[in-house]
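Student: Once you've had a glance at the structure underneath, I'll fire off some questions.
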Amino acid sequence: MFSSKISGLGSYVPENVVTNDDLAKLMDTNDAWIQERTGIKERRHIKKGDGNSTSIMGVKAAIIALERAQLEPKDIELIVFATLSPDMYFPGGGVQVQDLMGMPTVPALDVRNQCSGFIYALSVADQFVKTGMYRHVLVIGSENHSGGLDFTDRGRGVSVIFGDGAGAAVVSRNEGGKGGILSTHLHSEGKHKDELALQGPSTNYWVPQIIKENPQENIPYYPYMNGQFVFKHAVVRFSEVINEGLQANKLSVDDIDMLIPHQANLRIAQFIQHKFKLPDDKVFNNIQKYGNTTAASIPIALTEAWEEGKIKPGDLVVLAAFGSGFTWGSAIIEWV
Ligand code: UT7
């Protein structure tokens, strides 16, 4: 078995800033409600004509990550691309990254695990590097939420929360052998699949049937979220999976130098912080600026924390996520 590490990080968000007041012009919402319930002040949305898409934002983040890892696209042996908002129904975003970055015919794998997509993707990369099959794997989380949200009163419970953006990490063999990605821990509970979901268009519910069965004003091709139900499960699962990761490595909460939770809701992150009695400087949040960017949220936050000098070699970094599926997971990393 080899050791693995994150050798480079990058992120990209579209320039277009959408404030809570901007959304209040489109639907019955307001800045006070959004900030109080979620902590979000603004988010980024792709603007028509700005040239962005899920895969293109992923490439922009990946270019930065590769540069920081001092690697060329030709050095990457596998792409793992996590998103719930792909440019196309199929094929996935990974093959588009392979093409856009002019990579040789490397394998490209898409991960469909929504908010925990990055942790799942990181875990896949980690296994390929640890077994020795690949030396460098490119992991991307990218989302174009604004392309598929309902910006009317009907969608306000969901649409104010989500934002666009991408983050990328290069997972490489850790030649030093010490530290790096210590372990990842993954879970799912499909019985709750309908609590946070986009039902169609899908092969089970294709376009003509949707149109036939629903009045024009209620076509269900927007995401649905049972917010309070998701919230209650999130706080439990976040805690469990962080503890699981710590215990697997014989570590305790006191060993954590930086916790980066998936940016679902500032109130969820604060609940976890208080539960684990972590001081403010040991938890990184940026949902205030970007909203919930699903598979992109952890790599964007991890990149910003690293850029701000908040993660240093030797630090114990804990990543944790929960979301649609339900799926959840954690990663325990000794930064090298
Ligand atoms: O990332 C994947 C995982 N996702 C999550 O973890 C999200 C978990 N859930 C949440 O973050 C929260 O449940 C929300 C932020 C989605 C909602 O907050 P909440 O405190 O659970 O509010 P609620 O859904 O219970 O709604 C409270 C009220 C309702 O009005 P009534 O019935 O009390 O009159 C809603 O209709 O707020 C209303 N409401 C809004 N008001 C203004 C819902 N959305 C909005 C809005 N603006 N955007």
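The values are calculated or read from the model by the stated rules, or taken from the named source; none is laboratory data. Keep in mind it's a predicted model, so treat the numbers as computed, not measured. Every residue, glycine as well, gets a Cβ built from its backbone with ideal geometry; the counts of neighbours run over all protein chains shown. These accessible areas exclude ligands, DNA and RNA; they are computed on the full protein's heavy atoms, side chains included. Shrake-Rupley method; radii C 1.70, N 1.55, O 1.52, S 1.80 Å.
Student: Measuring from label point to label point, each 7 Å out along Cα→Cβ, what is the Lys48 to Thr131 span in nm?
Tutor: The answer from the label model is 4.6 nm.
Student: Quick one: what Rg and Dmax do you get for segment 1-114 from the alpha carbons, in Å?
Tutor: 17.5, 56
Student: In terms of Cα to Cα distance under 20 Å, which lysines are near enough to Lys25, apart from those fewer than 8 places away along the same chain?
Tutor: Cα-Cα hits under 20 Å: Lys41, Lys47, Lys48, Lys289.
Student: Could I ask something else about it? In nm, to one decimal, how far is the Asp75 label point from the Gln35 one, both placed 7 Å along Cα→Cβ?
Tutor: 4.4 nm
Student: I need the phi-derived Karplus couplings for segment 303-313: 6.51 cos²θ - 1.76 cosθ + 1.60, θ = phi - 60°, integer Hz, Gly and Pro marked x.
Tutor: The phi angles translate into 4, 5, 4, 5, 4, 7, x, 8, 10, 10, x Hz.
Student: Here's another thing I want to ask about it. What residues have an amide H closer than 5 Å to that of Asp110, excluding those fewer than 5 places away on the same chain, when H is modeled at 1.01 Å from N in the peptide plane?
Tutor: Residues meeting the amide H criterion: Phe81.
Student: Follow-up. As a test of the definition: which semi-axes, in Å, follow for segment 26-177 when you take the square root of five times each eigenvalue of its alpha carbon gyration tensor? Largest first, please.
Tutor: Value: 32, 16, 13 Å, ordered largest first.
Student: Given 0.36 nm per residue, what is the gain on full extension from Phe90 to Tyr221 after removing their alpha carbon distance, in nm?
Tutor: 45.4 nm
Student: Okay, next question. What list of ³J(HN,Hα) couplings, whole Hz, do you get for segment 175-186 from phi and the Karplus terms 6.51, -1.76, 1.60, once you set θ to phi - 60° and write x for glycine and proline?
Tutor: Per residue, the Karplus-derived 3J(HN,Hα) values read 4, x, x, 9, x, x, 6, 7, 6, 10, 9, 10 Hz.
Student: Can you run phi through the Karplus equation (6.51, -1.76, 1.60; θ = phi - 60°) for segment 65-76 and list ³J(HN,Hα) in whole Hz, with x for Gly and Pro?
Tutor: Running phi through 6.51 cos²θ - 1.76 cosθ + 1.60 with θ = phi - 60° gives 4, 5, 4, 5, 7, 6, 10, 9, x, 5, 7, 6 Hz.
Student: Could you list the chymotrypsin sites (Phe, Trp or Tyr not before Pro) in segment 53-137 that lie in coil according to DSSP, counting only those with at most 13 other Cβ atoms within 10 Å of their Cβ?
Tutor: Counting only loop positions with at most 13 other Cβ atoms within 10 Å, the chymotrypsin sites (Phe, Trp or Tyr not before Pro) in segment 53-137 are Tyr89.
Student: List the relative contact order of the chain as a percent without decimals, with contacts defined as Cα pairs under 8 Å and 6+ residues apart.
Tutor: Averaging sequence separation for qualifying contacts and normalising by length gives 26 percent for the chain.
Student: If exposed trypsin sites (Lys or Arg not before Pro) are those in a DSSP loop with at most 14 other Cβ within 10 Å, what is the longest stretch of the chain that has none?
Tutor: Longest stretch, sites excluded: 49-177.
Student: While we're looking at this one, here's another question. For the chain, with the dipole built from +1 on Lys and Arg beta-carbon atoms and -1 on Asp and Glu ones, taken about the Cα centre, which of Ile300, Val13, Gly49 lies farthest toward the positive end?
Tutor: Comparing the listed Cα positions along the dipole, Ile300 ranks first.
Student: Using unit Cβ charges (K, R positive; D, E negative) and no other charged atoms, how large, in debye to the nearest 20, is the dipole of the chain about its Cα centre?
Tutor: 420 debye
Student: Compute the FRET efficiency between Asn16 and Thr152 as 1/(1 + (r/R0)^6), taking r as their Cβ-Cβ distance and R0 = 22 Å, and round to the nearest 0.05.
Tutor: Plugging the Cβ-Cβ distance into 1/(1 + (r/R0)^6) gives 0.65.
Student: Determine the distance separating the Cα centre of segment 136-172 from the Cα centre of segment 183-227; give it in Å without decimals.
Tutor: What the calculation gives is 16 Å, centre to centre.
Student: Moving to a separate point now. Not counting the cut sites, what is the longest span of the chain without GluC sites (Glu not before Pro) that DSSP labels loop and that have at most 14 other Cβ atoms within 10 Å?
Tutor: Longest site-free region, per DSSP loop and neighbour criteria: 16-174.
Student: Treating cross-link reach as a plain straight distance, find the lysines whose alpha-carbon is under 20 Å from the alpha-carbon of Lys178, omitting any fewer than eight places away in the same chain.
Tutor: Lys5, Lys130, Lys250, Lys312
Student: Expressed in nm to one decimal, what extension gain is obtained for the pair Asp280 and Val207 from 0.36 nm per residue of sequence separation less their Cα-Cα distance? Walk me through the numbers on the way to the answer.
Tutor: Numbers: separation 73, 0.36 × 73 = 26.28 nm, distance 4.73 nm.
Extending this stretch completely gives an extra 21.5 nm.
Student: Quick one: give the max-minus-min coordinate of the C-alpha atoms of the chain along each principal axis, largest first, in Å.
Tutor: Computed over the Cα atoms, the extents are 60, 47, 37 Å.
Student: Using only helices, what value at 222 nm comes out for the chain when you add -39,500 (n - 2.57) per DSSP H run of length 4 or more and divide by the total residues, to the nearest 500 deg cm²/dmol?
Tutor: My calculation for the chain gives -9500 deg cm²/dmol from helical runs alone.
Student: Show which lysines lie in cross-link reach of Lys193 when reach means a straight Cα distance below 16 angstrom and same-chain residues fewer than eight apart are skipped.
Tutor: Result set, ordered by chain and number: Lys232.
Student: Using modelled backbone amide H atoms (1.01 Å from N, in-plane), which distant-in-sequence or interchain residues come within less than 5 Å of Val283's amide H?
Tutor: For Val283, the qualifying residues are Leu259.
Student: Per residue, how large is the accessible surface of the chain? Use a 1.4 angstrom probe and give square angstrom.
Tutor: Values: 14800 Å² over 336 residues.
Accessible area per residue, the chain: 44 Å².
Student: Could you please state, rounded to a whole Å, how far the C-alpha centre of segment 1-39 is from the C-alpha centre of segment 261-291?
Tutor: 13 Å
Student: Please list, ordered by chain and number, the residues whose modelled amide H lies under 5 Å from the amide H of Ser4; skip anything fewer than 5 residues away on the same chain.
Tutor: Amide H neighbours of Ser4, under 5 Å, 5+ apart: Asn174, Ile181.
Student: Further question: Take every DSSP beta bridge whose two residues both sit in segment 46-183, then give the antiparallel share in percent to the nearest 5.
Tutor: 45 percent
Student: Please report, as a whole percent, how much of the solvent-accessible surface of the chain comes from carbon and sulfur atoms (probe radius 1.4 Å). It would help to have the intermediate numbers written out before the result.
Tutor: Values: 7690 of 14800 Å².
Summing carbon and sulfur atoms, their accessible area is 52 percent of the total for the chain.
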